[in-house]
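Below you'll find the structure, written out as structure tokens, and then a few comments.
The values are calculated or read from the model by the stated rules, or taken from the named source; none is laboratory data. This one's a predicted model, so the numbers in the text were calculated from it and none came from an experiment. So basically every Cβ, Gly included, is an ideal-geometry build from the backbone, and we count neighbours across all protein chains shown. Note: accessible area is taken over every heavy atom of the protein model, side chains too, but ligands, DNA and RNA are not part of it. Shrake-Rupley method; radii C 1.70, N 1.55, O 1.52, S 1.80 Å.
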Amino acid sequence: MDSSSTRRQATRQKLYEAAVTLIAEQGFSATTVDEIAERAGVAKGTVYYNFASKSVLFEELLRHGVELLTASLRDAAESTTRAGGGSADALDALVRAGLVFIERYPSFTQLYVAELWRTNRSWNSTLMAVRQETVAVVEGVLRTGVERGELSGDIDVPLTSAALVGMVLVAALDWRSFQPERSLDDVHAALSRLLQGRVGGGA
């Protein structure tokens with residue numbers, strides 16, 4: 001990657017961070033391009049050089065964030081499998097990776113969950129596509145576990161995958177908002193016990 005590409009990537013990252021913070025604080029409609037530029041420490045023209053509009057910036061922000069989440073989940077599952085762990089271990093690693101991501105990016109997670117429930121946004125199709133990529137990581141682990149007899153054959157894989165992703169997102173947001181005194185290890189342990197009760201047991 002050349003220096004100009006590196007600089008542009010760094011600028012886009014600053015714009016993502018500024019946008020997600022402002023939109024989490026005051027909402028999409030109330031946030032202006034001028035405010036995003038000021039928060040990022042760049043000229044207003046820089047925003048339009050990188051993104052055609054505020055809507056495009058937000059759509060790319062959602063895509064970027066969910067892709068980061070998906071990559072962290074995939075890495076956690078694959079690393080656990082390479083280390084000799086079974087499907088239940090890989091699922092547990094997914095839960096922890098999700099919590100780590102949400103602890104690091106709470107404002108993004110809050111926006112992501114809120115946008116999942118809206119259907120009138122121009123970026124809705126993009127959001128649904130990247131959401132499915134995240135769910136597909138969990139589906140892959142569940143299907144492998146069922147095929148190997150490590151997990152219950154009664155599992156509804158598509159629905160359970162979506163439920164597990166939702167569980168981690170909502171539980172983590174509740175943790176950060178209402179129970180911040182609890183440690184990540186404590187929350188992870190609680191979700192692990194719930195997970196074992198739902199998907200454990202061979203076919």
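A few points about this structure:
- Taking the listed residues 195, 169, 164, the one that is modelled with pLDDT under 90 and assigned to a helix (DSSP H, G or I) is 195, with no other qualifying.
- Being open to solvent by 20 Å² or more (accessible area, probe 1.4 Å), among the hydroxyl-bearing types (Ser, Thr, Tyr) and under 22 Å from the mean Cα position of the chain (by Cα) is a description that does not apply to residue 46.
- The set of residues in the range 95-137 that are under 26 Å from residue 185 (Cα atoms) and hydroxyl-bearing (Ser, Thr, Tyr) comprises 105, 107, 109, 112, 134.
Here's the yes/no breakdown for (1) open to solvent by 20 Å² or more (accessible area, probe 1.4 Å); (2) more than 30 Å from residue 195 (Cα to Cα):
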residue: 3; (1), (2): yes, yes
residue: 23; (1), (2): no, yes
residue: 28; (1), (2): yes, yes
residue: 33; (1), (2): no, yes
residue: 38; (1), (2): yes, yes
residue: 54; (1), (2): yes, yes
residue: 57; (1), (2): no, yes
residue: 69; (1), (2): no, no
residue: 87; (1), (2): no, no
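- Among the criteria (1) touching a residue at least 40 places away in the same chain (Cβ under 8 Å); (2) in contact with a Pro (Cβ under 7 Å, 6 or more places away or on another chain), the one residue 137 does not fulfil is (2).
- Residue among 74, 104, 12 that is more than 19 Å from residue 164 (Cβ to Cβ) and open to solvent by 60 Å² or more (accessible area, probe 1.4 Å): 104
- Pairs are defined by a Cβ separation below 9 Å, a sequence spacing of at least 6 or placement on different chains, a first member in the range 140-154 that is more than 16 Å from residue 195 (Cβ to Cβ), and a second member that is at pLDDT below 90 and among the small types (Gly, Ala, Ser); the pairs so defined are 148/202; 149/202; 149/203; 153/202; 153/203.
- Residue within the range 99-110 that is in contact (Cβ under 8 Å) with a residue 60 or more places away in the chain and in contact with a Pro (Cβ under 7 Å, 6 or more places away or on another chain) present: no
- For the range 120-131, the set of residues classified as free of Cβ contacts under 8 Å to residues at least 40 places away in the same chain and surrounded by fewer than 14 Cβ atoms within 10 Å (Cβ to Cβ) consists of 120, 125, 128, 129, listed by residue number.
- Positions within the range 155-174 being touching a residue at least 60 places away in the same chain (Cβ under 8 Å) and either open to solvent by 80 Å² or more (accessible area, probe 1.4 Å) or out of contact with any Ser or Thr (no Cβ under 9 Å at 6 or more places or on another chain) (or both), in sequence order: 164, 168
- Evaluation of residue 117 against the conditions (1) free of Cβ contacts under 8 Å to residues at least 24 places away in the same chain; (2) of a type in the set (Phe, Trp, Tyr); (3) surrounded by 15 or more Cβ atoms within 10 Å (Cβ to Cβ) shows that the sole unmet condition is (3).
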